[in-house]
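A.B. asks: Supplied in structure tokens, the structure appears directly below.
The values are calculated or read from the model by the stated rules, or taken from the named source; none is laboratory data. Note that this is a predicted model, so its numbers are computed, not measured. Virtual Cβ from ideal backbone geometry, glycine too; neighbours counted across all protein chains shown.
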Amino acid sequence: MMTTALWCVLFAGILPVITTGIAKWGPGLDNRHPRDWAGGLTGYRRRAYAAHQNGFEAFPFFAVAVLCALQAGAPQGVVNALAVVVVAARVGYVAAYLADRPTLRSVLWGVGWFGSIAIFASPAWAT
């Protein structure tokens, strides 16, 4: 059964592809050498590419946390709620990155990170 938490894992896995699409949207894409090309990006496109990279860095821990919590019998409602918080924080993180709001971006990163930790620890709360 696809729980809300698992749908969140799917969306979180797709989010970095969306951000790289934002980075690539516009003139000058060199798809033969995309990493070299990305190094020359500026403005919101460079920030979108950085958000793309961070999305792939944050995704494994979140996905493993959800899977471990579900396997260990954590309360489904808790895992679902925390997963929604993490995904909302990641979406906000991307928006803050694109808008060049570094302090807000860092706060949202922390919400997502600690949310993943809470998901991982949630089986300990099972009664």
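A.B. asks: For residues that are crowded, with 24+ Cβ neighbours inside 10 Å and either in contact with a Ser or Thr (Cβ under 7 Å, 6 or more places away or on another chain) or among the charged types (D, E, K, R) (or both), scanning just the range 83-93, find the one that is nearest to ILE22 (Cα to Cα).
C.D. replies: The initial filter retains those residues of the range 83-93 that are crowded, with 24+ Cβ neighbours inside 10 Å, namely 83, 86, 90, 93.
Subset that is either in contact with a Ser or Thr (Cβ under 7 Å, 6 or more places away or on another chain) or among the charged types (D, E, K, R) (or both): 83, 86, 90.
Numbers: ALA83: 24, VAL86: 21, ARG90: 16 Å.
Looking at the filtered set, the residue picked out is ARG90.
A.B. asks: Just a yes or no: is a residue in the range 18-33 polar (S, T, N, Q), more than 20 Å from GLY115 (Cβ to Cβ), in a helix (DSSP H, G or I) and free of Cβ contacts under 8 Å to residues at least 60 places away in the same chain? Can you show your working first?
C.D. replies: Of the range 18-33, the ones polar (S, T, N, Q) are 19-20, 31.
Subset that is more than 20 Å from GLY115 (Cβ to Cβ): 20, 31.
Those still in the list that are in a helix (DSSP H, G or I) too: 20.
Going one step further and asking which of them are free of Cβ contacts under 8 Å to residues at least 60 places away in the same chain, we end up with 20.
Checking the range 18-33: at least one residue is polar (S, T, N, Q), more than 20 Å from GLY115 (Cβ to Cβ), in a helix (DSSP H, G or I) and free of Cβ contacts under 8 Å to residues at least 60 places away in the same chain.
A.B. asks: Name the one entry in LEU10, LEU6, LEU15 that is without any contact (Cβ under 8 Å) to a residue 24 or more places away in the chain, under 15 Å from the mean Cα position of the chain (by Cα) and under 25 Å from LEU70 (Cβ atoms).
C.D. replies: On the way: LEU6 fails: without any contact (Cβ under 8 Å) to a residue 24 or more places away in the chain; LEU15 fails: without any contact (Cβ under 8 Å) to a residue 24 or more places away in the chain.
Going through LEU10, LEU6, LEU15 in turn, just one is without any contact (Cβ under 8 Å) to a residue 24 or more places away in the chain, under 15 Å from the mean Cα position of the chain (by Cα) and under 25 Å from LEU70 (Cβ atoms): LEU10.
A.B. asks: Looking at the range 34-62, which of the residues that are over 27 Å from ILE119 (Cα atoms) and among the charged types (D, E, K, R) is surrounded by the most Cβ atoms within 10 Å (Cβ to Cβ)?
C.D. replies: So the residue we want is ARG47.
A.B. asks: Within the range 105-122, can one find any residue that is touching a residue at least 12 places away in the same chain (Cβ under 8 Å), farther than 18 Å from PHE59 by Cα and not polar (S, T, N, Q)?
C.D. replies: no
Listed here are the residues, each with its yes/no results for (1) outside any helix (DSSP H, G or I); (2) within 15 Å of ILE117 (Cα to Cα); (3) hydrophobic (A, V, I, L, M, F, W, C); (4) touching a strand residue (DSSP E or B) at 6+ places or on another chain (Cβ under 6 Å).
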| position | (1), (2), (3), (4) |
| --- | --- |
| LEU67 | no, yes, yes, no |
| ALA74 | yes, yes, yes, no |
| ASN80 | no, yes, no, no |
| ALA83 | no, yes, yes, no |
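A.B. asks: In the range 20-37, what residues are under 23 Å from the mean Cα position of the chain (by Cα) and of a type in the set (A, V, I, L, M, F, W, C)? Don't jump to the end; show me each part of the working.
C.D. replies: The initial filter retains those residues of the range 20-37 that are under 23 Å from the mean Cα position of the chain (by Cα), namely 20-25, 34-35.
Hits for the range 20-37 are ILE22, ALA23, TRP25.
A.B. asks: Output the residues belonging to the range 103-127 that are part of a loop (DSSP other than H, G, I, E, B) and of a type in the set (S, T, N, Q).
C.D. replies: Filtering the range 103-127 down to residues part of a loop (DSSP other than H, G, I, E, B) leaves 126-127.
Within the range 103-127, THR127 is the sole residue that qualifies.
A.B. asks: While we're looking at this one, here's another question. Under the condition of being of a type outside the set (A, V, I, L, M, F, W, C), touching a Phe, Trp or Tyr at 6+ places or on another chain (Cβ under 7 Å) and under 30 Å from ALA74 (Cα atoms), which residue from the range 1-33 is surrounded by the most Cβ atoms within 10 Å (Cβ to Cβ)?
C.D. replies: Selected residue: PRO16.
A.B. asks: Could you tell me whether GLY112 is surrounded by 16 or more Cβ atoms within 10 Å (Cβ to Cβ), in contact with a Lys or Arg (Cβ under 6 Å, 6 or more places away or on another chain) and modelled with pLDDT of 95 or more?
C.D. replies: Yes, satisfied.
A.B. asks: Collect the residues in the range 13-72 that are of a type in the set (Asp, Glu) and out of contact with any helix residue (DSSP H, G or I) (no Cβ under 8 Å at 6 or more places or on another chain), keeping them in residue-number order.
C.D. replies: ASP36, GLU57
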